[in-house]
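For reference, the structure is listed below as structure tokens.
The values are calculated or read from the model by the stated rules, or taken from the named source; none is laboratory data. Quick caveat: nothing in here was measured; it's all calculated off a predicted structure. All Cβ positions, even for glycine, are placed from backbone atoms using ideal geometry, and neighbour counts span all protein chains on display.
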Amino acid sequence: MYCGNINRAMNRRDLLARTGLGLGGVALAGLLNRSAAATPAAGTLLTPHLAPRAKRVIYLFMSGGPSQVDLLDPKPALDKLHGQDLPASVRMGQRLTGMSGNQSILPLARSAFAFTRHGASGMWASDLLPWTAKLADELCVVRSMRTDHINHDPAITFFQTGHQLPGRPSMGAWLSYGLGSANENLPAFVVLVSRDRIDQPLYARLWGNGFLPSVHQGVRFNNGRDPVLFLKNPDGVSGAGRRKMLDRLAELHRLQFDDLGDPEINARVAQYEMAFRMQASVPEVMDVAGEPASTYDLYGEEARTPGTFAANCLLARRLAERDVRFVQLYHPGWDHHGGLPAGIRRQAKDVDRACYALVTDLRQRGLLDDTLVVWGGEFGRTNYSQGKLTATDYGRDHHPRCFTVWMAGGGVRAGTTYGATDELGYNVTADPVDVHDLHATLLHQLGIDHERLTFKSQGRHFRLTDVHGKVVRGVLA
């Protein structure tokens, strides 16, 4: 830090001595005696707050907002009222986006897709999801999700970090901070983005560390020759040479830490060391050449194409096998303001079989019980058509008031549909689940009390759930 003359660095020992806090040196000495590389990678919790039901999370994020009334929440009343204006008694003055707020009429639009019940649980699913429907008795479908945010960026940021403004740590970063890594050769938090559906921005801050030490940020694995950029040694640099360089660099960083006491110095060393270990571990996990034919019989031929959602689901299973704590898949393309019937058919085809394959594969390998799989977007879609409603086409605007997610494994109640929406699919009528409630529930299944996992920044203690959130007991087994 700087004090007095801005050009003169005051080291930590000077500060402690001058402020009469010399006893703080005892704690500092304990920190300095640890390995600089190991300290930031360890979780802050020596033991979980609760008995964990899950060891890891695979979060399948459908960026753009899937239409719940066309996928998992059927509304027969829309068939009868198709084309009629949304009743004011249903809307209740709730705000709309600028994209449909100026329409002279908000015409209710029935789904173009047929719904049927599936499994012993009787789960409803549209004919867009024939593979997901096979999981009816393994899924916990939550129809009563809601959020405060009606536009993509704040809504996605809120879902990923617990706050609508950028700068907070993401879900995976909080888990890395709380529990640490279960595999010293791979990051605790890995991100995979479908490369063929990029039609809206997904910023790296969505998997960032915020104000947590930078070692906890998500690591995006790319598709192609270099899954992690700049991981390979430059031409002419051997592995042994790189090892010697890192050893000498660590010595210099220890001296710098001794002088300044900045924890980011240790985080930087830990990242260098992780990158060195990942030179062997990442190519191994990304190499699917050894997967048997039965894998592709399950996931489909698309899983052979790097960067597809199916290929990323296969990688998610391989990462789960290697105890990566949090794997997040982003699949953009669900923002159907117009041309929804064709657009959502394409999106559902992308993900339907792959989701079924992932859950089935985890179960067959004995991993589903301690892996929590989550599927959903940042909000839902309106029950009315944005723009012109025709006999064969319609669009749907953003809708934060109610939408659907599903979960599987990890101690959730299988074969359950939780919560309800009104007959037109506009408002939650039973068991509302806010975003912070979902966050609290995910942490709970991993053995974390969401109110007790905090980090002090700028004089305030922060947490993923801010000052909100409750565990949704009704979705737990």
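So here's what we get for this one:
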{"quantity": "Residue list for segment 446-462, restricted to those being surrounded by fewer than 18 Cβ atoms within 10 Å (Cβ to Cβ) and assigned to a loop (DSSP other than H, G, I, E, B)", "calculated": "ASP449, GLU451, ARG452, THR454, GLN458, GLY459"}
{"quantity": "Hey, LEU443 under 25 Å from ASP137 (Cβ atoms), surrounded by 19 or more Cβ atoms within 10 Å (Cβ to Cβ) and among the aliphatic types (A, V, I, L, M) or not", "calculated": "no"}
{"quantity": "Failed condition for PRO169, given (1) without any contact (Cβ under 8 Å) to a residue 60 or more places away in the chain; (2) in a loop (DSSP other than H, G, I, E, B); (3) not aliphatic (A, V, I, L, M)", "calculated": "(1)"}
{"quantity": "Segment 357-370: number of residues that are farther than 9 Å from CYS313 by Cβ and touching a Leu at 6+ places or on another chain (Cβ under 6 Å)", "calculated": "3"}
{"quantity": "Residues that are among the β-branched types (Val, Ile, Thr) and either out of contact with any helix residue (DSSP H, G or I) (no Cβ under 7 Å at 6 or more places or on another chain) or not in a helix (DSSP H, G or I) (or both), drawn from segment 431-445", "calculated": "VAL433"}
{"quantity": "Contacts under 7 angstrom Cβ, first residue in segment 311-324 being more than 15 Å from ASN185 (Cβ to Cβ), partner of a type in the set (Gly, Ala, Ser), 6 or more apart", "calculated": "ALA311/ALA303; ASN312/SER194; CYS313/ALA354; CYS313/ALA357; LEU314/ALA303"}
{"quantity": "Selection from segment 216-246 of residues that are within 34 Å of the chain's Cα centre (by Cα), assigned to a helix (DSSP H, G or I) and among the basic types (Lys, Arg)", "calculated": "ARG242, ARG243"}
{"quantity": "Test: residue in segment 223-239 that is at pLDDT 80 or above and not hydrophobic (A, V, I, L, M, F, W, C)", "calculated": "yes"}
{"quantity": "Residues located in segment 147-191, provided they are closer than 18 Å to GLN217 by Cβ, within 16 Å of the chain's Cα centre (by Cα) and among the polar types (S, T, N, Q)", "calculated": "THR157, GLN160, THR161, SER170, SER176"}
{"quantity": "Qualifying residue in segment 296-306 (condition: touching a helix residue (DSSP H, G or I) at 6+ places or on another chain (Cβ under 9 Å) and within 25 Å of ALA204 (Cβ to Cβ))", "calculated": "yes"}
{"quantity": "Strands (runs of 3 or more DSSP E) lying entirely in segment 51-160 (those with 3 or more residues that are in contact (Cβ under 8 Å) with a residue 40 or more places away in the chain and more than 30 Å from ARG318 (Cβ to Cβ))", "calculated": "139-146"}
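Residue by residue, here is whether (1) touching a helix residue (DSSP H, G or I) at 6+ places or on another chain (Cβ under 7 Å); (2) at pLDDT 95 or above; (3) part of a loop (DSSP other than H, G, I, E, B) holds:
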position	(1), (2), (3)
GLN164	yes, yes, yes
TYR177	yes, yes, no
VAL190	yes, yes, no
ASP199	no, no, yes
LEU206	yes, yes, no
PHE211	no, yes, yes
